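The values are calculated or read from the model by the stated rules, or taken from the named source; none is laboratory data. Only a predicted model underlies this, so the values are computations on that prediction, with no experimental measurement involved. All Cβ positions, glycine included, derive from the backbone under ideal geometry; neighbour counts span all protein chains shown. Only protein heavy atoms, including side chains, enter the accessible area calculation; ligands, DNA and RNA are left aside. Shrake-Rupley method; radii C 1.70, N 1.55, O 1.52, S 1.80 Å.
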Amino acid sequence: WDNADFSRGVGTTFYQEFSTLNTAKPPFVRDVEAKVRRYLRSSYSAVWTLKITWEKAPVYAAWTDTRRTVTYQAVLTTDGFRSYILMLYQDGGMQWDYTRLTSTNVLIGYT
């Protein structure tokens with residue numbers, strides 16, 4: 001577990017909301033639906049999805065090293081009854097120096 005630190009002006013965070021209850025679904029939402037269906041082996045049709053992106057986020061404390069960054073996303077989605085979150089990481093994008101952490105048995109994701 002570690003924290004991102006945007007206090008040095010490196011990296012950015014942005015989000016995009018997709019409300020698809022009565023509208024055509026953009027390709028991103030269709031891709032999220034396909035992932036939920038594939039991983040959970042169930043039917044799923046999103047009515048609302050939120051994509052949050054942390055781009056080139058430096059590790060806390062940013063004053064130590066702003067060259068090693070990570071880009072990742074959290075995608076929250078619901079069909080109005082069930083809700084899911086997808087945690088997406090840039091392939092090969094974890095650049096934080098995990099050897100500086102107190103625990104070096106590091107995993108990306110959540111449990």
- Task: Could you check, for region 50-68, whether at least one of its residues is in contact with an Asp or Glu (Cβ under 8 Å, 6 or more places away or on another chain), crowded, with 17+ Cβ neighbours inside 10 Å and of a type in the set (V, I, T)?
- Result: yes
- Which of the residues spanning region 33-49 are surrounded by 14 or more Cβ atoms within 10 Å (Cβ to Cβ) and not small (G, A, S)? E33, K35, V36, Y44, V47, W48, T49
- When residues of region 7-32 are limited to those that are under 16 Å from the mean Cα position of the chain (by Cα) and open to solvent by less than 80 Å² (accessible area, probe 1.4 Å), the one nearest to T64 (Cα to Cα): G11
- Message: Quick check on region 83-100. Is at least one of its residues open to solvent by 60 Å² or more (accessible area, probe 1.4 Å), under 12 Å from the mean Cα position of the chain (by Cα) and modelled with pLDDT of 85 or more?
- Response: yes
- Item | Considering residues of region 1-57 that are of a type in the set (D, E) and in a strand (DSSP E or B) only, the residue farthest from G80 (Cα to Cα) | E55
